[in-house]
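Worksheet: one structure, shown below.
The values are calculated or read from the model by the stated rules, or taken from the named source; none is laboratory data. Being a predicted model, the structure only gives us computed values, none of them experimental. In this analysis, Cβ positions are derived from the backbone assuming ideal geometry, glycine residues included, and neighbour counts consider all displayed protein chains. For accessibility, only protein heavy atoms count, side chains too; no ligands or nucleic acids. Shrake-Rupley method; radii C 1.70, N 1.55, O 1.52, S 1.80 Å.
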Amino acid sequence: MLKPAVLVARAIFPEVLQTLQQHFEVTDNQADVLFDKEQLALSAKGVDGILTTGSERVDAALLAACPGLKICANMAVGYNNFDLAAMTSAGVLATNTPDVLTETTADFGFALILATARRMAEGEHFLRAGLWNRWRYDMFAGAEVHGSTLGILGMGRIGQAVARRGAHGFGMRVIYHNRSRLDAATEASCAARFVSKQDLLQQADHLILVLPYTAESHHAIGASELAQMKPTATLVNIARGGIVDDAALAAALKAGALAAAGLDVFEGEPRVHPDLLALSNVVLTPHIASATIQTRRAMAQLAADNLIGFLLHGKALTPLNGLR
Ligand code: GLV
């Protein structure tokens, strides 16, 4: 029997590639060439499935160029690179990688909160620059984390995991805002209290963003939201670029309207707004919140299992769209 054909759009763990090769005719991209739209469409022509990452956009144009496509398995929990409506109407299944990255990503979110509040990147740059010649009472004195108020915008799995760390590990008062309120048992398990977005902005000492990027969440944090925050507050974004208006954030940080920011994601990444790069009170990381070897391997394996499950047995593990 002819094996289904699969494109693995980016470089991936060799052992996961080998698993896929046992089941499929695989076109790989271990050279990790970044395909533009045309190259992606060309490479995906005639395949049954694609293992995508957040860098590949699956839209109506790609779907039209690949009429035999049945599934795109994203190696990411976020799927704003998918036009889900277009995929559904083309009869193409979309899958993502929830759960396997929750705790790892929450760890990183907390690391960014700590690094940002405690000015770790600034201190490190200062030391490496050879500027450290004495102790001083206020040198890199930052904001308290333990016992402060943690605000969480977006309270899905990762938001809840951040809340548990804040409440149970650091004795923080945890408040959150989300499209819908959690049930009482879940709220109790992460000791978090639902508040309006306005209260969240005004009360948080450390605000972390953990919501999906959609048309509604575009610039959910812009100039007017930043203006409502405490000037001593810090902002951390581990969700997606575009949720924060990066130009407005840089202006607020420069003006002292906000103490500091920790950013793992950026509008138009891998480009970073030059005004952010010029500031010292930001901690900048290259979209690595889920990046531990174990978690990235689990994400790749889950994406592969979705391809295997759907193309060979008609059932994916973590589908995003119901197909008729
Ligand atoms: C990473 O950003 C993901 O969505 O998994």
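Only DSSP H runs of four or more residues enter the estimate; each adds -39500 (n - 2.57), and after division by the residues of the chain the mean residue ellipticity at 222 nm equals -10000 deg cm²/dmol.
Per residue, segment 102-284 exposes an accessible area of 47 Å² to a 1.4 Å probe, with every protein chain left in place.
The order of Thr95, Thr292 by accessible area, most exposed first and with a 1.4 Å probe, is Thr292, Thr95.
Expressed in units of 2.2 N^0.38 Å, where N is the residue count, the Cα radius of gyration of segment 1-111 is 1.09. In sequence order, segment 81-87 has phi-based couplings of 7, 9, 8, 5, 5, 5, 5 Hz under the Karplus curve 6.51 cos²θ - 1.76 cosθ + 1.60, θ = phi - 60°, and Gly or Pro positions carry x. Using the Cβ-Cβ distance between Thr292 and Tyr137 with R0 = 22 Å, the FRET efficiency computed as 1/(1 + (r/R0)^6) comes to roughly 0.05.
The simple spin-label model puts a point 7 Å past each Cα toward its Cβ; for Arg57 and Gln228 those points are separated by 3.1 nm.
What does the net charge come to around His219 if you take all other residues with beta carbon closer than 12 Å to its beta carbon, with K and R at +1 and D and E at -1? Net local charge, His219 excluded: -4. Surface composition of the chain: carbon plus sulfur atoms hold 56% of the accessible area, using a 1.4 angstrom probe and ignoring ligands, DNA and RNA.
Neighbours of Phe35, meaning other residues whose beta-carbon lies under 11 angstrom from its beta-carbon, give a summed charge of -1 when Lys and Arg score +1 and Asp and Glu score -1. Put the Cα centre of segment 1-34 next to the Cα centre of segment 112-152 and the gap is 44 Å. What net charge is computed for the residues neighbouring Asp48, neighbours being all others with C-beta under 13 Å from the C-beta of Asp48, Lys and Arg scored +1, Asp and Glu -1? Once positives and negatives cancel, what remains is +2.
Note on Asp199: accessible area approximately 60 square angstrom, rounded to 10, probe 1.4 Å, nucleic acids and ligands left out. For the chain, the Kirkwood estimate of hydrodynamic radius, built from reciprocal distances between every pair of different alpha carbons, is 21.1 Å. Taken over the Cα atoms of segment 102-284, the convex hull encloses 116 Å³ per residue. Heavy-atom accessible area with a 1.4 Å probe sorts Tyr79, Tyr137, Tyr176, largest first, into Tyr137, Tyr79, Tyr176. Ser148 exposes around 10 Å² of accessible area when a 1.4 Å probe is run over every protein chain in place.
Between Ser189 and Gln22, the simple label model (points 7 Å from Cα in the Cβ direction) yields a spacing of 3.3 nm.
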